[in-house]
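Student: Can you keep this structure in mind? I'll have questions shortly.
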Amino acid sequence: MKSVESEQGLLSSLLQSPREVLDYCVSKGITDESFSDSACAMVYSAICDMSAKNMAIDAITVTDYLRDIEKLDKLSINIRGDFWQGLSAVTSL
């Protein structure tokens, strides 16, 4: 993708309508390797995994899932905070 903002926008859409948006992403061949930002790639991969397991998908469950699979700690606290704030800003538009 071209920018972190567009990647965050896509993730925000996924958090709002996970099944529909993920089906679209898969149909367009979007994978975690499509993301230039490692945090966005990690979240996208988690959402894909969660969807395959028929888990509920929202900001809280994705955060918990990343913690459970021991990937959340790979991001610094500041990056995580900025990342979720960015998603929240896009979601509230």
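Student: Output the residues belonging to the range 47-73 that are within 22 Å of Ser3 (Cβ to Cβ) and either at pLDDT 95 or above or more than 12 Å from the chain's Cα centre (by Cα) (or both).
Tutor: Ile47, Cys48
Student: If you don't mind, there's one more thing I want to ask. Please go through the range 30-39 and pick out each residue that is outside any loop (DSSP other than H, G, I, E, B) and either more than 14 Å from Val62 (Cβ to Cβ) or among the β-branched types (Val, Ile, Thr) (or both).
Tutor: Glu33, Ser34, Ser38 - these are the residues of the range 30-39 that are outside any loop (DSSP other than H, G, I, E, B) and either more than 14 Å from Val62 (Cβ to Cβ) or among the β-branched types (Val, Ile, Thr) (or both).
Student: Quickly run through the range 1-29 and pick out the residues that are over 19 Å from Asp58 (Cα atoms) and either touching a strand residue (DSSP E or B) at 6+ places or on another chain (Cβ under 6 Å) or part of a loop (DSSP other than H, G, I, E, B) (or both).
Tutor: Met1, Lys2, Ser3, Lys28, Gly29
The values are calculated or read from the model by the stated rules, or taken from the named source; none is laboratory data. Just so it is clear, the structure is predicted and the values come from calculations on it, not from any experiment. A quick note on method: Cβ atoms are made from the backbone with ideal geometry, for glycine too, and the neighbour counts reach across all protein chains shown.
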